[in-house]
Amino acid sequence: LKTPLTAISGYSELIKNGMAGSEDIGRFANEIYTNANRLLTLINDIINLSELDRGAPLEYEDVDISEIAGNCVSMLDFHAKENQVTLHFDGEKTIVRGNKNKLEEVVYNLCDNAIRYNKAGGEVWVTVKNTPEGKILSVRDNGIGISKENQKRIFERFYRVDKARSRDTGGTGLGLAISKNIIVMHKGIINVYSEPGKGTTFTVRVPMNYVN
């Protein structure tokens, strides 16, 4: 919270005191805008995580994870193209008993990470399917990958593998912690497999017969 607030305060003070030339105003305003958005994202993530910790009751319904994932891929397509990343989707109707908004958040977090921690010309494959072991969501990329050491900690709150990249792209370090909490609430599990320089795969499995 302190980092974006410090930036906002610093740039606005320069403008307030007349220390910013006309050529600097636009750049300073952009920095204030960017850090304000980062601050709002962080606050929303903290509130979200606090609600999950408190065990706030959720409404459950029959939800098609494939539909959620397909919509997410369509929504993030422009963001992916901006980062020179190609999205692929392959899904079959996969019904679970869950909270649609929270499951949408999980899919969005995983897909957004796969784009942000990728490389120019990279690809992301989103797959949803029914298996005897349960309902499976897989998000795989061929991006920068995660070391074995970092894989042990990526679900910790505020932990970021690449702090510089996370800061530049607006990451808060809470997305995966939130996603794990949501999946646990649905009696599911989330796993990661990754190799540095080769990419990362997140797999979410929700039990076949789970009813809240």
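In the chain, a dipole from Cβ-located charges (positive for Lys and Arg, negative for Asp and Glu) runs towards its positive end, and of 175, 194, 17 it is 194 whose Cα lies farthest in that direction. Per residue, the Cα convex hull of the chain amounts to 133 Å³. Past 21 Å, Cα to Cα: identify those pairs from 129/198; 102/180; 100/187, in the order given. 129/198, as the Cα separations exceed 21 Å there. Label region 60-101 by shape, choosing from rounded, prolate and oblate, from the square roots a ≥ b ≥ c of the eigenvalues of the Cα gyration tensor; if a/c is under 1.5 it is rounded, and otherwise prolate applies when a/b is larger than b/c, oblate when it is not. Since a/c reaches 1.5 and a/b is larger than b/c, the shape of region 60-101 is classed as prolate. The residue among 95, 55, 131 whose Cα reaches farthest toward the positive pole of the charge dipole of region 31-132, with charges on the beta-carbon of Lys, Arg, Asp and Glu, is 131.
For region 1-114, rounded, prolate or oblate, judged on the Cα gyration tensor with a ≥ b ≥ c (square roots of eigenvalues), a/c < 1.5 rounded, else prolate if a/b > b/c? Before the final figure, lay out the partial values.
Details: a/c = 4.76, a/b = 1.84, b/c = 2.59.
Since a/c reaches 1.5 but b/c is at least a/b, the shape of region 1-114 is classed as oblate.
Largest GNM mean-square fluctuation among 190, 43, 68, using the chain with Cα springs under 10 Å: 43. In region 82-123, Rg over Rh equals 1.07, where Rg is the alpha-carbon radius of gyration and Rh the Kirkwood radius from pairwise Cα distances.
Once both labels are modelled 7 Å past Cα along the beta-carbon direction, what's the residue 88-residue 187 spacing in nm? Label at residue 88, label at residue 187, 3.4 nm between them. Cβ-Cβ distance of residue 71 and residue 129, R₀ of 22 Å, FRET efficiency by 1/(1 + (r/R0)^6): the value works out to about 0.80.
Explain nothing, just the number: relative contact order of the chain, from Cα pairs under 8 Å at least 6 residues apart, as a whole percent.
Working: 357 pairs, mean separation 40.8, N = 212.
Here the relative contact order equals 19 percent.
Dipole size of region 32-153 about its Cα centre, with +1 on Lys/Arg Cβ and -1 on Asp/Glu Cβ: approximately 460 debye, rounded to the nearest 20.
Each Lys and Arg contributes +1 and each Asp and Glu -1, all at the Cβ; summed about the Cα centre of the chain, the dipole is approximately 660 debye.
The numbers here are math on the coordinates, done by the rules we state, and not lab data. No experiment lies behind these values; they were computed from the predicted model shown. Reconstructed Cβ throughout: ideal geometry from the backbone, glycine too, with neighbour counts over all protein chains shown.
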